[in-house]
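To start, the structure under review is shown below, and the notes come after it.
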Amino acid sequence: MTVQRASRIRGIGMVNVATLTWATNMTLGRWLRDDIGPLTLTALRFAIAGTVLAFLLWRHLARYEERLRINRHELALLAGMALTGVVVFAPALYLGLRFTTAVNATLINGFGPLITGLLATLLVGEPMSWRQLTGACVGLAGVAVLISGGRVMSDMPHINAGDLLILGTTVLWALYSVLGRLLMRWRSPLFATALSTLLGLPVLLLAAGWEQHVLPVHVTLRLILAVPYIGIVPSVVGFLAWNAGVHLLGPSGAMVFYNTLPLYGALVAYLFLGEPIGINHLAGAVLIIGGGTWAAWRPRSVDVR
């Protein structure tokens, strides 16, 4: 086995580890909806993740004898990442999971790479190919089939508020990814992830304190076991595995396998929550995953020299 092939296999493994952990996060968010509010769950999640990431960043800076100097441009990007990916994204995700299924949530997230591509074109000026444009249209059709329950052509299709919230979170994650792409032109993924998390954490802690008056925590055994898992595995292991996969495969190569998230999510939710998978889920999954794969796939060029 060549070194290049071994590196690619390792990268594929890392990306799949990331998407699997994120799928379990959505399933657990749905499972814990009666025990803890979305703001409190997010605050606990990022308090744990922030502690681990801060320690890893400190070790990194000490090892390479770097100083933590942040200019205004970097601070603006970090603030944008904290707002979109930490303060608003995660609470909106957990709130949406109170009204829709984990199956729907993970399938809708399969549309994320295409939204990221569109926003990157609009905000960063990265060109979109005709494959990405057609893939975006196909994926959008899949989302429409999914959130309407398969009744797209009816006069009064059933629209779930939770599905719309989850769709909104994919836009937030796309913005977070574009801002992170700008920052990581000269900063490491660990730097961007750790500092954006720590920057958003105080806001989340204040919001969680307010939420206790509205949705107090019901301490259960499953909550005690699940919160540390959510704080470490999806929030630290998942992010670091994803960044390792991007390093080995490149952004476009990693994005092809991001679409395993809906597959893992539907499977985990079916096995552990007993959530049904209907025809509209299958049709939406085919369109979303097919559109994303078509958009990200790069045919091998032929050398005619």
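No lab work stands behind these numbers, since they all come straight from the coordinates. Remember, it's a predicted structure, so these values are computed and weren't measured experimentally. Here the Cβ positions follow ideal geometry from the backbone for every residue, glycine too, while neighbour counts run over all protein chains shown.
In terms of the Cα gyration tensor, with a ≥ b ≥ c the square roots of its eigenvalues, is region 1-105 rounded because a/c is under 1.5, prolate because a/b exceeds b/c, or oblate?
Cα axes put region 1-105 in the oblate bin.
Out of the GluC sites (Glu not before Pro) in region 36-92, which ones are loop residues according to DSSP with at most 12 other C-beta atoms within 10 Å? Working shown, then result.
Working: sites: 65, 66, 74; in loops: 65, 66.
Here the GluC sites (Glu not before Pro) that fit, given the DSSP loop and packing criteria, are 65, 66.
Any chance you could run the full-extension gain for residue 161 through residue 247? It's 0.36 nm times the residue separation minus the Cα-Cα distance, nm to one decimal.
That works out to 27.3 nm of additional length.
For region 3-296, what class follows from the C-alpha gyration tensor (a ≥ b ≥ c being the square roots of its eigenvalues): rounded when a/c is under 1.5, otherwise prolate if a/b is larger than b/c, else oblate?
Since a/c reaches 1.5 but b/c is at least a/b, the shape of region 3-296 is classed as oblate.
Add +1 for every Lys or Arg and -1 for every Asp or Glu among the other residues with Cβ under 10 Å from the Cβ of residue 269, and state the total.
After counting each charged neighbour, the total is 0.
Ranked highest first by the average count of other Cβ atoms within 10 Å around their residues, in what order do 119-125, 240-246 fall?
So the peptides 119-125, 240-246, ranked by packing, come out 240-246, 119-125.
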